[in-house]
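Chemist: Let me begin by handing over the structure; questions about it come next.
The values are calculated or read from the model by the stated rules, or taken from the named source; none is laboratory data. All values derive from a computational prediction rather than experimental measurement. Cβ coordinates were reconstructed from backbone atoms using ideal geometry, including for glycine residues, and neighbour counts include every protein chain displayed.
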Amino acid sequence: MDTAEQMNPEAYFDSYEDLKIHELMLSDKPRQAAYQSAIVGNRNLFAGKTVLDVGAGTGILSLFCAQAGARRVYAVEASNLARLARAVVAENKFDHVIEVSECRVEEFRLPDDERVDIIVSEWMGFFLLHEGMLDSVLYARDQFLKPSGLMFPNTATIYVAPCSVPSRFDQWESLSGVSMRCFGEALRGQCAAKPEVLTVAPEHLLHEGHVMTWLDLKEVTTEELNSIESKEVLVAQTEGKLQGFCIWFDCTFPTDETGGQTKTEVILSTNPSAPETHWKQTVILLPEQACEELEVRDPVAFSLTMVRNQETNRRYDLQLTLLDAEKEEHNLPCECQMTKCILMKAHLDKMQVDG
């Protein structure tokens, strides 16, 4: 299953001049709270430091940095929204700290080739990598961050889990006493052509979530982001109908270990069990003939690949393939109810007892 949306760089940046997009992001309370807690709650990390805000948008993250005591904040915004960001900065009386530059970060230059202490950015897209803004953040890291510098966020994890999607299947069996099965089939056919952004209820997950990839944002390279693949056999942890695969992500932030106000790690999560964000979850629907009822401990074998689209680096193709669990190698010990895994688990348990 593939998806690719065409967008040239100019159209990408122009799209972020739409204030409705920023209204959506600014109204995302978990997003705002995570960044505010990670930045303002770690004043010791920001006090007297220089900061680069990549893709500054309205300037909200730059303002958090200034509130946390940053000496200088370079806010880089490629769209015309930079002009509004300057007004927001002045409105909050931080124009002596925050300098807004209207350019791409690839065109930006720091005074006297200096390096910054911290890079902040809200670069995440749907299923983390959609829009490809991370490439620009990594460019900024390599060009402008001190070797001892910090990334906010500093790690990111992508998860995948089999799931039920009743909003696309079950509800059309009877709607207000009328069968809409034909409509449901047509809708699923349209939706199956590309992944959907949906809110998935936690009870519709059939597995807690498998780590597809973990990114250390201080070390990862753009080349490593060209293709990310996961080939797994997951074991159903709850019964239900397998109708799709749910993808979400978490991001973590550095924490001051020397007496800052934030002692616990700040995590921005788009997990179905976490408060809803504007990212929601990304769902790949299965064709109806591939859906099946799962019991607890049933195996689900699949491969999922995120491949950078060759025509536009800001888009990824998602490729999902269902595999035969009988033919795939299972993790050991495997808790599934296939005979080979039951026998292998019994053998491993016996070896452990025998010492």
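Chemist: I'd like the residue in segment 303-318 that is buried (at least 17 other Cβ atoms within 10 Å of the Cβ) and aliphatic (A, V, I, L, M) and, out of all such residues, is farthest from residue 226 (Cα to Cα).
Modeler: Per the stated criteria, the residue is 304.
Chemist: List the residue pairs whose Cβ atoms are under 8 Å apart, where the first residue sits in segment 265-278 and is surrounded by fewer than 18 Cβ atoms within 10 Å (Cβ to Cβ), the second is at pLDDT below 95, and the two are 6 or more positions apart or on different chains.
Modeler: The qualifying pairs are 265/255; 278/24; 278/25; 278/27; 278/28.
Chemist: Scan segment 98-138 residue by residue and report those that are without any contact (Cβ under 8 Å) to a residue 60 or more places away in the chain and among the aromatic types (Phe, Trp, Tyr).
Modeler: Selection gives 108 alone.
Chemist: Return only the number of the condition from (1) in a loop (DSSP other than H, G, I, E, B); (2) out of contact with any Phe, Trp or Tyr (no Cβ under 8 Å at 6 or more places or on another chain); (3) in contact (Cβ under 8 Å) with a residue 12 or more places away in the chain that residue 310 does not satisfy.
Modeler: (3)
Chemist: May I pose another question? I need every pair where a residue in segment 286-299 that is farther than 14 Å from residue 321 by Cα and among the hydroxyl-bearing types (Ser, Thr, Tyr) has its Cβ under 6 Å from the Cβ of a residue that is crowded, with 17+ Cβ neighbours inside 10 Å and modelled with pLDDT under 95, sequence separation at least 6 or different chains.
Modeler: Close Cβ pairs (under 6 Å, with a partner that is crowded, with 17+ Cβ neighbours inside 10 Å and modelled with pLDDT under 95) do not exist here.
Chemist: Restricting to strands (runs of 3 or more DSSP E) lying wholly in segment 35-132: which have 1 or more residues that are under 25 Å from the mean Cα position of the chain (by Cα) and of a type outside the set (A, V, I, L, M)?
Modeler: Values: elements: 50-54, 72-77, 98-102, 116-120.
The qualifying strands (runs of 3 or more DSSP E) are 50-54, 72-77, 116-120.
Chemist: Restricting to segment 1-34, and then to whatever is among the charged types (D, E, K, R) and not in a helix (DSSP H, G or I), can you tell me which residue is modelled with the highest pLDDT?
Modeler: Going residue by residue through segment 1-34, those that are among the charged types (D, E, K, R) are 2, 5, 10, 14, 17-18, 20, 23, 28-29, 31.
Now narrow it down to the ones that are not in a helix (DSSP H, G or I): 2, 5, 17-18, 28.
Values: 2: 41, 5: 39, 17: 68, 18: 80, 28: 91.
Among those residues, the one meeting the criterion is 28.
Chemist: Related question: Are any residues in segment 144-155 in contact with a helix residue (DSSP H, G or I) (Cβ under 8 Å, 6 or more places away or on another chain) and either outside any strand (DSSP E or B) or over 20 Å from residue 49 (Cβ atoms) (or both), and if so, which ones?
Modeler: The answer is 153, and nothing else.
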